[in-house]
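Bear in mind that the values in this text are calculations on the coordinates, not laboratory data. Nothing here was measured: the structure is a model prediction, and the numbers come from that model. Virtual Cβ from ideal backbone geometry, glycine too; neighbours counted across all protein chains shown.
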Amino acid sequence: MRILTAEKMRELDQFTIKNEPISSYDLMERAAEGCYGRLSFLEKWYFSTIYICGKGNNGGDGLAMARMHSEDEDAVVVVIILEHTKEGSTDFAKNLYLLEEQGNAEVFHIKTADEFPEIATDAVVVDAILGNGLSRPLDGFLAGVTQKMNQLSNDIVSIDIPTGLFADDNSANNLELVVRADWTFPIHAPKLSLLLPDTGSLAGQMDVVNIGLMEKEMNSSSPYEYVEFEDLKDLYIPRLKFSHKGTYGHALLVAGSKGKMGAAQLGASACLRTGAGLVTTHVPACGLDIMQIGVMEAMCSVDSNHDFIIDLPNLSSFNAIGIGPGIGTEKDTANVLKRLIQDVDARLVLDADALNILGQNKTWLSFLPKATILTPHPMEFERMAGKWKTSLERLQMQIDFSVKYGVIVVLKGAHTSTSTPSGQVFFNSTGNAGMATAGSGDVLTGIILGLLAQGYSPESAAILGVYIHGHAGDIGLERDSLQSLIASDIIDHIGEVFMELSI
């Protein structure tokens, strides 16, 4: 799904109202039903619910949710913030009338932050004050209310976006005054700020509420996409009945050094589990027995050096090549990378120490073959591209880097962003904090390499590979904790992701 600016979202709302057609009130009901359904799943853990509502459409969503909630005879309290607009929206007024006519919820109207009520510690607080149209930092009464909310120990659920956060660029915002949510239910699609580290951290967990806006019909454009399961069905290539191992390519993984052979094992195992027909690992001599015993299905090419890599095998038989996991940054190893990027004809994915070597030799970036995939974490990207002040600035640097060098950059982290030479960015929807563990990146390299070997385009391999990696980690989390999840657990669940894709 496309990630739209606040202005484009307003246009999309109006386009849907006019062309579906549907009234703005009924569209609000649709949003409230979706958000309430998700809240009901969470709310079973809480004794009561407090809705903090502004007087605009975001507040109208909150009032409609409160009405639906109180119909279930749960304890519902609504606190209406009066002073931030002269007039409430028409749909807000209608929902307030219906809520008061129903008579099940307790409704408070407050004009100052000092009137903010005492809230029981076992209640969940719903933030429905302001939506995605905010363009200046909060001050006065509203700032006081958000500070009161941030002092609560209660869990907070924000509708669409945490109050006080801008949808797009927050460089001029005061993030200290933004509501700190535990959950956010974005309407239709995430806002860009929810996907960036320094602002998305204020949103907590995220669950997108699809309300059927007519985005395809409006044909809106955006450089940003949010990748979910349904977006990948067209990318997936099914296996053929009359096929053999040669049908699915031969991958070469250049990996490992003394003490770091685990990186080669993880990458090779992930590549095999992703479906590559043949996998060869080129490893230093010290790693031969480790690889032959640890990954029986992989073949080995042995380097002439015992401890680290100083040469390459004949590359003519490989469809795709990955290099970097655990190779170190020795001068002779760096020269291997230089020769590879200058001479290779196969599709290429670079990770880990290969990226660190590029960071030390930035002039080599110009030699990278077009559509090479780079998979840096933030520090590795900084070594190649330079420093940034905000995550939005980093995002623009990532886009510029991909366009300048004609490469695909997979910048790893929560909502991993994949940028392409055309300037598009694809944010991932899968993955969890348990994957912040040693070897997880080696697994991602192996997955992408396996897809490249099978004939996926570099862009498809990167986008699909990131999704598979994150989803396999999510399945692993169903059986483990965030603390106990390890990289090999991700490999164990790759097959389950492919089962879902193949249905």
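Report the Stokes-Einstein translational diffusion coefficient (µm² s⁻¹, integer) for the range 6-222, Rh taken as the Kirkwood radius over Cα pairs, at 37 °C with viscosity 0.692 mPa s.
Numbers: Rh = 17.2 Å.
Taking Rh from Cα pairs, D becomes 191 µm²/s.
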Enumerate the residues in the range 310-342 having an amide nitrogen under 18 Å from the point lying 7 Å beyond the Cα of residue 244 toward its Cβ.
-> 317-319
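Need one number: % antiparallel among DSSP beta bridges in the chain, to the nearest 5.
On the way: 7 of 57 bridges.
Expressed as a percentage, antiparallel bridges in the chain total about 10.
From Cα pairs below 8 angstrom and at least 6 apart in sequence, can you work out the relative contact order of the range 6-222, rounded to a whole percent? Numbers along the way, then the final one.
Details: 420 pairs, mean separation 43.9, N = 217.
Relative CO of the range 6-222 lands at 20 percent.
Rounded, prolate or oblate: which fits the range 388-503 when a ≥ b ≥ c are the square roots of the eigenvalues of the alpha-carbon gyration tensor, with rounded for a/c under 1.5 and prolate only if a/b beats b/c? Don't skip to the end; give the middle numbers.
Details: a/c = 2.32, a/b = 1.41, b/c = 1.65.
Since a/c reaches 1.5 but b/c is at least a/b, the shape of the range 388-503 is classed as oblate.
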309, 290, 52, 399 arranged by Cβ crowding within 10 Å, fewest neighbours leading | 290, 399, 309, 52
Taking max minus min of the Cα coordinates of the range 94-134 on each principal axis, largest first, gives extents in Å of 30, 26, 21
Would you calculate a helix-derived [θ] at 222 nm for the chain, using -39,500 (n - 2.57) for each DSSP H run of n ≥ 4 and dividing by the full residue count, to the nearest 500?
-> -12000 deg cm²/dmol
What percent do you get for the relative contact order of the chain when only Cα pairs under 8 Å and 6+ apart count?
-> 12 percent
Hand me the GluC sites (Glu not before Pro) from the range 470-503 located in a DSSP loop with no more than 12 other Cβ atoms within 10 Å, in residue order please.
-> 478
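Given a Förster distance of 22 Å, report the FRET efficiency between residue 236 and residue 424 from their Cβ-Cβ distance, rounded to the nearest 0.05.
Details: r = 20 Å, r/R0 = 0.89.
Result of the calculation: an efficiency of 0.65.
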Which value results for Rg/Rh of the range 232-502 when Rg is the Cα radius of gyration and Rh the Kirkwood radius based on the inverse mean 1/r?
-> 0.94
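Which of the peptides 110-122, 451-463 is most tightly packed, and how do the rest follow, going by the mean number of other Cβ atoms within 10 Å of each residue?
The packing order, highest mean first, is 451-463, 110-122.
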So the angle from the long Cα axis of helix 57-71 to the longest Cα principal axis of the chain, reported in degrees to the nearest 10, equals 80 degrees
Labelled set (i) 14; (ii) 24; (iii) 29; percent of Cα pairs over 44 Å apart computed from this model equals the value at (ii)
Which lysines have a Cα less than 30 Å from the Cα of residue 260, not counting those fewer than 8 places away in the same chain?
-> 245, 331, 338, 362, 370, 387, 412
Distance from a point 7 Å along Cα→Cβ of residue 370 to each backbone N in the range 312-346: keep the residues under 17 Å and list them by number.
-> 342-346
Using only the Cα atoms of the range 200-347, build the gyration tensor, take square roots of its eigenvalues as a ≥ b ≥ c, and label the shape rounded, prolate or oblate: rounded if a/c is under 1.5, else prolate if a/b is larger than b/c, else oblate.
-> prolate
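Run through the DSSP bridge list for the range 232-502 and note the antiparallel percent, rounded to the nearest 5.
Details: 6 of 27 bridges.
The answer is about 20 percent antiparallel.
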What nm distance separates the two modelled labels at residue 26 and residue 388, each placed 7 Å from Cα along Cα→Cβ?
-> 4.2 nm
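Counting other beta carbons within 10 Å of each Cβ, put 185, 426 in order, fewest first.
Values: 185 27, 426 24.
Result, fewest neighbours first: 426, 185.
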With +1 on each Lys and Arg Cβ and -1 on each Asp and Glu Cβ, and nothing else charged, work out how big the dipole of the chain is about its Cα centre, in Debye to the nearest 20.
-> 1980 debye
With a/c under 1.5 counting as rounded, go ahead and sort the range 163-284 into rounded, prolate or oblate using the C-alpha gyration tensor (a ≥ b ≥ c being the square roots of the eigenvalues; past the cut-off, prolate if a/b is larger than b/c, else oblate).
-> oblate
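What is the range 119-194's relative contact order, in percent, from Cα pairs under 8 angstrom and six or more apart in sequence? Write down the numbers at each step before the final one.
Details: 128 pairs, mean separation 27.7, N = 76.
Computed value for the range 119-194: 36 percent relative contact order.
Can you list which of the trypsin sites (Lys or Arg not before Pro) found in the range 205-271 are DSSP loop residues with at most 14 other C-beta atoms within 10 Å? The partial results should precede the final answer.
Numbers: sites: 216, 233, 239, 241, 245, 258, 260; in loops: 233, 239, 241, 258, 260.
Taking the range 205-271 and a limit of 14 other Cβ atoms within 10 Å, the loop trypsin sites (Lys or Arg not before Pro) found are 233, 239, 241.
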Residue 122-residue 285 FRET efficiency (beta carbon distance; Förster radius 56 Å; 0.05 resolution) = 0.35
Residue separation times 0.36 nm, minus the C-alpha to C-alpha distance between residue 404 and residue 362: what's the value?
-> 13.8 nm
For residue 153 and residue 136 in the same chain, what is the full-extension length gain: residue separation times 0.36 nm, less their Cα-Cα distance, in nm?
-> 3.4 nm
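For a Förster distance of 56 Å, can you work out the FRET efficiency between the beta-carbons of residue 299 and residue 481, rounded to the nearest 0.05?
On the way: r = 36 Å, r/R0 = 0.65.
Efficiency at R0 = 56 Å is approximately 0.95.
Output the peptides 217-224, 57-64 sorted from most to least packed, where packing is the average of other Cβ atoms within 10 Å over each peptide's residues. Please report the intermediate quantities before stating the final value.
Values: 217-224: 14.1, 57-64: 28.5.
The peptides rank, most packed first, as 57-64, 217-224.
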